[in-house]
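Read through the structure below, which is laid out as structure tokens, and then see the notes.
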Amino acid sequence: MSSESELEQVLASLRQSIASGRLAHAYLIVGAPRGAAGVLAERVVELLYCTAPGERPCGGCAKCRRIAAHAHPDVLWVEPQKKSRGILTEQIEAVQEHVNLTSFEGGWKVVVFINADRLNPQAANRLLKTLEEPPAKCLFLLVTDQPSRLLPTVVSRCQRVTLAAGDDAFGAESKAMVVDALTGIEERSVAAAVARSRRVLAFLKTERDKIAEAIKAESAADSNRGEPDAEKVSKDAREARIEARYREVRAELLRWLLLWQRDVLLQVSGAGGLIEPVFTESKELIRRWAVALTYRRALDNIRTIEDMRWQLDQYLPETMVLERGFIRLLAAGAPAGGRRTTDDRMNE
């Protein structure tokens, strides 16, 4: 299923919920915050405010355009703002003030949390009180690709919408980078592993530069629209936004690395013909990876990706984490000429 068709199915369900008066007050949208999950959040908000005579949201009316520009007065967008890269208590205080004010247009009040997993414990506990007793006609959308980092009590107050891993525009470049970095597995030396990690680091640097330019353009647009305090946005706040969006891109790259290793594990275990791989266009490369690995080593490679993700979340140096991770992924494998059968690999 494509990302677009999946989004349309979710929106169709929400239209029915609105029509029947059964829309929940809070939804946890699991997926890429700047990809499909972020798009879904925007469309859900548009669905509430769209004034088009036909099927909503139209995406083209004045209110839909304001929402796409994050400029609707009844919609508050919350994301990490400080050097801590967290969503802090004072931001939740602003959220509570927002939802308790009378709607500017006499309708819904909406709060969208981008990277909701960045809520620090104090902020999450404060938000919990509002989620437990929400004002009427108030909707909370919590968008994250790491729901396990949210407080279970917060998650329990939300209806969950999980989007499948799709080839949306956000993830396509990262997926292509993973294929590029893992091409030519016969080169299993340390030097080759380091070279591949540096190729990934160069890709990530380019993505960070794109993000910085995009946020600079957003700040200029806010100033041109006369947004309150647009000129007062601190350098720290801009850096926090850049870092938050960059972490999404990096997390997406690691997700594709993990999915690649998942496809390899399926092949090693003999299940490759039973379960459709994610990297359908790279079946031959996946097969070549599988031939070189034991079942245990394929599992270790999955653990390596998980370790890389954990280490980066602990703010360990990115270059060190990626170089060591690629050395573990690429430098070890089957002995020369060690082509094994599936039974041999499963028994080791």
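The values are calculated or read from the model by the stated rules, or taken from the named source; none is laboratory data. This is a predicted model, so every value here is computed, not measured. Glycine also receives a Cβ, built like all others from the backbone with ideal geometry; neighbour counts cover every protein chain displayed.
When region 52-69 is filtered for residues that are among the small types (Gly, Ala, Ser) and exposed (fewer than 13 other Cβ atoms within 10 Å of the Cβ), the ones remaining, listed by number, are GLY54, GLY60, ALA62.
Regarding ALA41, is this residue at pLDDT 85 or above, within 25 Å of GLU133 (Cα to Cα) and assigned to a loop (DSSP other than H, G, I, E, B)?
Here the answer is no, as ALA41 does not meet what is asked.
Scan region 127-149 and tell me whether some residue there is hydroxyl-bearing (Ser, Thr, Tyr) and either surrounded by 17 or more Cβ atoms within 10 Å (Cβ to Cβ) or more than 20 Å from the chain's Cα centre (by Cα) (or both). Yes, region 127-149 contains a residue that is hydroxyl-bearing (Ser, Thr, Tyr) and either surrounded by 17 or more Cβ atoms within 10 Å (Cβ to Cβ) or more than 20 Å from the chain's Cα centre (by Cα) (or both). What pairs can you find where one residue is in region 63-74 and within 16 Å of GLY38 (Cα to Cα), the other is part of a helix (DSSP H, G or I) and among the acidic types (Asp, Glu), and their Cβ atoms are less than 6 Å apart, with a gap of 6+ or different chains? As it stands, the answer is CYS64/GLU46; ILE67/GLU46, since those pairs meet every condition given.
With respect to the conditions (1) modelled with pLDDT of 90 or more; (2) surrounded by fewer than 17 Cβ atoms within 10 Å (Cβ to Cβ); (3) in a helix (DSSP H, G or I), GLU4 lacks only one, and its number is (1).
State yes or no: is ALA116 of a type in the set (A, V, I, L, M) and within 20 Å of ASP145 (Cα to Cα)? Judged against the criteria, ALA116 is a match. Scanning region 256-287 for residues being of a type outside the set (Asp, Glu), under 26 Å from LEU204 (Cα atoms) and exposed (fewer than 15 other Cβ atoms within 10 Å of the Cβ) gives a total of 2. Restricting attention to region 111-147, the residues that are over 12 Å from GLN91 (Cβ atoms) and of a type in the set (Val, Ile, Thr) add up to 4. Could we say that ALA41 is within 19 Å of PRO147 (Cα to Cα), in contact (Cβ under 8 Å) with a residue 12 or more places away in the chain, among the small types (Gly, Ala, Ser) and touching a Ser or Thr at 6+ places or on another chain (Cβ under 6 Å) here? No.
Among the residues of region 105-118 satisfying the criterion of being within 15 Å of the chain's Cα centre (by Cα) and assigned to a strand (DSSP E or B), which is surrounded by the most Cβ atoms within 10 Å (Cβ to Cβ)? This residue is PHE113. Within region 240-257, the set of residues being touching a helix residue (DSSP H, G or I) at 6+ places or on another chain (Cβ under 7 Å) and closer than 15 Å to ALA172 by Cα comprises VAL249, ARG250, GLU252, LEU253, LEU254, TRP256, LEU257.
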